[in-house]
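Have a look at the structure below before the remarks.
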Amino acid sequence: NPKVGTDTALALAMAQVIVEEGLWNEAYVREQTDLPLLVRTDTGRFLRESDLRDGGREDVFYCWDRRKGGPVAAPGSQGHPEQTLALDGMEPSLEGQYEVSLRDGKRVAVQPVFAVLRARLASATPEHAARVTGLRADVIRQAARRFAKARAAMILASFGACKHYHSDLMQRALILLLALTGNQGKPGGGLRVAAWWTMNGFEDLAGGYEQPFYVSLLSRLMAPSVRQIETYLTEFMRQRYLLTPALLWLRVHASSHRADQDEKLSEALRRGWMPVYPRAGQDPQVLVCTGGNPLRRWPAPQLAEQVLWPRLRQIVAINFRMSSTALKSDIVLPAAAYYEKRGIKYPQTYLPYVVVGDKAVEPLGEAKSEWEIFGLLARRIEERAREKGFGRYRDPLGGDHDLASLYAAWSRSGQFPVEAEEKALDHLLDSSEPTRGVSWSEAALLGAVPIRAVGRYGPVNGVCSGFKRGEPVAPSRWFVEEKQPWPTVTGRQQFYLDHPWFLEAGEELPCYKELPELGGAYPLRLTGGHTRWSIHAIWRDEARLLHLQRGEPVAYLNPDDAAARGIRDHGRIRLFNDLGACWVRAKLSPAVQPGQVILYHAWEPYQFPAWESGQNLIPLSMKALHLVGDYGQLHYRTGGMAPGYVPRGTAVDAERAGGGAVP
């Protein structure tokens, strides 16, 4: 149970033990990672072909071949003609320092990344980690040895690992631990965060108009490698795709700070690394919320109300319940609830099934499924466009569209009209690789369809392995077993990032950094998690489920922290920081660490006094390094690289709230 935000220190201390005690998998490290690649000691950058000869490439990298006694281009890098990780007789050195002659005749020293890593790990001892994490040094050593000697080791991090300010450092350290021990790319091993089976049947249904699933165009490629797909997706994203990272969009349009006041953000936007539409300086006109609840989920929603809401001409909420956002919208379109509609409910790769849900009862009142809502909207927009003489228009990236034929495109020229939802579901299932050959009636009867295939690689499917019935799904086997290059600029699991921003920040290798004081200089760290009584905000305000808990928002504190503040169990308290405050009940528990406050998510703002929810404490912050977009694998793409939501570890304090202090 390490202290909040210190997982990176724990992982690096385990890595230090594994390296120093020789418990690491040398063959795996040489072939599958960038640790044998050479780094210049003068610049801190990789040794590249462009350093060694005129006209050389920036994306060909070198290792020191002990058999040849000199630098040799490592196969598999983005610019190397041999797209394989097989070393074929090469024996890359992992230690030592060497000299090479640059193309201008200058002699420079170079050393393998592994040597740099070993030197950095020297200070990341279990004793240091014990002071940081609160764990005992002997426990850390024992965990490292057991991890290294396990036949297979897996780290299940889920989405929580993405919600810290330094989540990138945390995940890089976790993956380093797995790579050193050869556990990435084999059954029972690896880092598991999240992925979805590729339901590419959606592509055909969306194919007549602007395709929301850009992976659809991959069907034009014949048996591509992951590297080829990534290259293709990157180019397509830059030319055609309009999806904007949510946190960046909020920073530009729902913040009191101008984008040009942040040097790194301003540069990222100027250089086109991150897509924002409308662009900075242009107000958005209409906000349509479907399947979401921004005023409950966005960080600092009070700022969105103050800054964004007045700029919008219209706000539309599509929801089956009157959420906080719906209550502050101009139009609410009632959607069918979970058991009132058919659909693909859960195609996530944690289990080898695609979970579907049939309609148990008809929707109440005027509620409709999203299929019907959007079909009817498309039909009506087409009618109005023809009445008013509207037709073709171009989107911000130059894409050509025609409102006068919107419904024709939406329904694939009438092939899937709004009245034929089951026909569309039949097509979706039969056209998707994981469920090919299954009809909707069969799927509805089963409830959970065993997958037939993983589906092709894409924005939300990074499984990168084949599948056989009766065998477990093990991600990344294409790279380890088939020697395909990883989709990085070096072609390997890349731990050294020599982008100037990373070098400037001292984060070219995974390292531990304390969480910044987001929210101000306060002694407690706010964390959260999913509640057991709801699915996000669904049922969070349901009266019968509220009877199973305290009936109103509650925060968990350590008894010692509570006693120091005069707080008693179930007393009303005020949580606050520089950004805002909220009032909740206190629940004291010795299971909560000293210095920690736990406020489980999804309470609606209207369940707090004055509608001031726990989200009011969460700053709209982003890490500048997450804006990089011009370095191999470091570029924006859905589900892959974007500024992250970082609520975990927000700095707060707590105090007793007297009767007059509660709004």
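Quick look at the numbers
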| item | result |
| --- | --- |
| For q = 0.18, 0.35 Å⁻¹, Debye-computed log10 I/I(0) when each Cα of region 340-381 counts as one equal scatterer | -0.65, -1.11 |
| Kirkwood estimate for region 388-473, i.e. one over the average of 1/r between Cα atoms, Å | 16.1 Å |
| Sparse-neighbour loop sites [trypsin sites (Lys or Arg not before Pro); region 74-122; at most 16 other C-beta within 10 Å; DSSP] | ARG103, LYS106 |
| Loop GluC sites (Glu not before Pro), region 371-457 (other Cβ atoms within 10 Å of the site Cβ: 12 or fewer; DSSP) | GLU419 |
| Prolate/oblate/rounded call for region 1-74, Cα gyration tensor, a/c under 1.5 rounded | prolate |
| Portion, in percent, of the accessible area of the chain that falls on carbon or sulfur, probe 1.4 Å | 51 percent |
| P(r) histogram, all alpha-carbon pairs of region 516-663 included - 5 Å bins from 0, percent | 2, 9, 17, 19, 19, 14, 8, 6, 4, 2, 1, 0 |
| Mean Cα-pair separation over length for the chain, i.e. relative contact order, pairs under 8 Å, 6 or more apart, % | 17 percent |
| Whole-number accessible area per residue in Å² for the chain, which is evaluated in the context of all protein chains at 1.4 Å | 45 Å² |
| Two-decimal Rg to Rh for the chain - Kirkwood Rh, Cα set | 0.97 |
| Separation between Cα centres of region 371-390 and region 53-98, rounded to whole Å | 58 Å |
| Kirkwood Rh in Å, taken over all unlike Cα pairs in region 489-541 | 15.5 Å |
| Angstrom value of the Kirkwood radius, inverse mean 1/r, which spans all Cα pairs in region 415-459 | 11.2 Å |
| Cα-based reach from LYS3 at 20 Å (exclusive), listing lysines while leaving out same-chain residues under 8 positions away | LYS163, LYS513, LYS587 |
| Share, in percent, of DSSP beta bridges within the chain that are antiparallel, nearest 5 | 65 percent |
| Amide H contacts of ASN319 (H built 1.01 Å from N, under 5 Å, at least 5 apart or other chain) | LEU333, ALA335 |
| Difference of contour (0.36 nm per residue) and Cα-Cα distance, LYS388 to ARG131 | 85.6 nm |
| Region 478-573, relative contact order [Cα under 8 Å, separation at least 6], % | 9 percent |
| Alpha carbon centroid spacing (whole Å) that separates region 420-478 from region 124-157 | 37 Å |
| Summed side-chain charge close to ALA157 - residues other than ALA157 whose Cβ falls under 15 Å, Lys, Arg +1, Asp, Glu -1 | +2 |
| Radius of gyration and Dmax over the Cα atoms of region 1-128, both given in Å | 16.4, 54 |
| Between region 603-621 and region 537-598, the alpha-carbon center distance in angstrom | 13 Å |
| Net charge of neighbours whose Cβ lies under 13 Å from the Cβ of LYS68, counting Lys and Arg as +1 and Asp and Glu as -1 | -1 |
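The values are calculated or read from the model by the stated rules, or taken from the named source; none is laboratory data. Bear in mind the structure is a predicted one, so any value in this text is a computation, not a measurement. As a convention, Cβ positions derive from the backbone with ideal geometry for all residues, glycine included, and neighbour counts pool all protein chains shown. Quick note on the areas: whole protein, heavy atoms, side chains included, nothing else; ligands and nucleic acids left out. Shrake-Rupley method; radii C 1.70, N 1.55, O 1.52, S 1.80 Å.
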